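Q: This is the structure I want to talk about, given as structure tokens.
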Amino acid sequence: MARTALVTGGSRGIGAAISKALKAEGYTVAATYAGNDDAAAKFTEETGIKTYKWNVADYAESKAGIEKVEGDIGPLDVVVANAGITRDAPFHKMSPEQWSEVIDTNLTGVFNTFHPVWPGMRERKFGRCIVISSINGQKGQFGQVNYAATKAGDLGIVKSLAQEGARYGITANAICPGYIATEMVMAVPEKVREAIIGQIPTGRLGEPEEIARCVAFLASDDAGFINGSTITANGGQFFV
């Protein structure tokens, strides 16, 4: 029986690559998005992967959305918490709103994504919970106190869930991408991009598909003994 997967923020960037990689592995995939209706429609047209619109920062929306997805494609076996935002500012200029928006989406949003599916995974004795964290959750970053805090917190979530879920056949793992050639990174000024690449020993940005292949592995039966772990995919820029 084909397994099912949900990817939050799964219609663009790294999330889109993850959605497509899981579909290629035989999963029935659903992807969420927050607001870009045109991009989501284009993604579905190109891939055949159905998209669902909700705000992961809202628990009620997430729960209702997940119930809709499971009604359409069946109980979820794999859930990838990829949705995230940035609201960058030096700490002395960071507003409470900038802090809260990022915390609500990147940290509470992971709770809101995993919590509704957790009872079903326990009951079925199988589950794969995967969080897309960040290199900046491991090393910190100027102007990203809020973002780095959430991405570090995401690592704490998977380490704890791994211990709670192991006896039920559930694994929880994280991936920490470095700088990846997404639209957001490619849109920065060329000099800034060159400076970033200069910090990466491999001499290039990562590709979204490289992160997607990590997800596909962690979702597979072959990764059943990997639990509470973090895959660092940053081209050698930072070591833990």
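The values are calculated or read from the model by the stated rules, or taken from the named source; none is laboratory data. Given the structure is predicted, the values throughout are model-derived calculations rather than measurements. Here the Cβ is made from the backbone with ideal geometry for all residues, glycine too, and neighbour counts use every protein chain on show.
Q: Enumerate the helices (runs of 4 or more DSSP H) found wholly within the stretch 91-159, keeping only those where 1 or more residues are over 14 Å from the mean Cα position of the chain (by Cα) and of a type in the set (D, E, K, R).
A: Counting at least 1 such residues, we get 96-102, 118-124, 135-139.
Q: Could you check the stretch 1-41 and list, in sequence order, the residues that are among the hydrophobic types (A, V, I, L, M, F, W, C) and touching a helix residue (DSSP H, G or I) at 6+ places or on another chain (Cβ under 7 Å)?
A: If the condition is that a residue be among the hydrophobic types (A, V, I, L, M, F, W, C) and touching a helix residue (DSSP H, G or I) at 6+ places or on another chain (Cβ under 7 Å), then ALA5, LEU6, VAL7, ILE14, ALA16, ALA17, ILE18, ALA21, LEU22, VAL29, ALA30, ALA31 are the ones that fit.
Q: Might you let me know whether the stretch 191-200 holds any residue that is surrounded by 13 or more Cβ atoms within 10 Å (Cβ to Cβ), of a type in the set (A, V, I, L, M, F, W, C) and farther than 21 Å from GLY13 by Cα?
A: Looking for residues that are surrounded by 13 or more Cβ atoms within 10 Å (Cβ to Cβ), of a type in the set (A, V, I, L, M, F, W, C) and farther than 21 Å from GLY13 by Cα, one finds none in the stretch 191-200, hence no.
Q: Please state which one of LYS63, LYS53, LYS68 is touching a Phe, Trp or Tyr at 6+ places or on another chain (Cβ under 7 Å), surrounded by fewer than 17 Cβ atoms within 10 Å (Cβ to Cβ) and within 23 Å of GLU123 (Cα to Cα).
A: LYS68
Q: Further question: Answer yes or no as to whether ASN55 is modelled with pLDDT of 95 or more and either touching a helix residue (DSSP H, G or I) at 6+ places or on another chain (Cβ under 6 Å) or at negative phi (or both).
A: It is true that ASN55 is modelled with pLDDT of 95 or more and either touching a helix residue (DSSP H, G or I) at 6+ places or on another chain (Cβ under 6 Å) or at negative phi (or both).
Q: Just give me the residues in the stretch 184-224 being charged (D, E, K, R) and closer than 16 Å to SER19 by Cβ, in sequence order.
A: GLU207, GLU209, GLU210, ARG213
Here is a yes/no grid of residues against (1) more than 19 Å from GLY74 (Cα to Cα); (2) of a type in the set (A, V, I, L, M, F, W, C); (3) surrounded by fewer than 18 Cβ atoms within 10 Å (Cβ to Cβ):
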residue: LEU6; (1), (2), (3): no, yes, no
residue: ALA16; (1), (2), (3): yes, yes, no
residue: SER19; (1), (2), (3): no, no, no
residue: TYR27; (1), (2), (3): no, no, no
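Q: Please state which one of PHE225, PHE217 is of a type in the set (Phe, Trp, Tyr), closer than 30 Å to GLY169 by Cβ and part of a loop (DSSP other than H, G, I, E, B).
A: Just one listed residue meets the conditions, PHE225.
Q: Inspect the stretch 166-176 for any residue being among the hydrophobic types (A, V, I, L, M, F, W, C), closer than 22 Å to PHE91 by Cβ and surrounded by fewer than 16 Cβ atoms within 10 Å (Cβ to Cβ) and give the result as yes or no.
A: Looking through the stretch 166-176, none of the residues is among the hydrophobic types (A, V, I, L, M, F, W, C), closer than 22 Å to PHE91 by Cβ and surrounded by fewer than 16 Cβ atoms within 10 Å (Cβ to Cβ).
Q: Looking only at the stretch 9-63, count how many residues are touching a strand residue (DSSP E or B) at 6+ places or on another chain (Cβ under 8 Å), among the polar types (S, T, N, Q) and more than 22 Å from GLU183 (Cα to Cα).
A: Going through the stretch 9-63 one residue at a time, the tally reaches 1.
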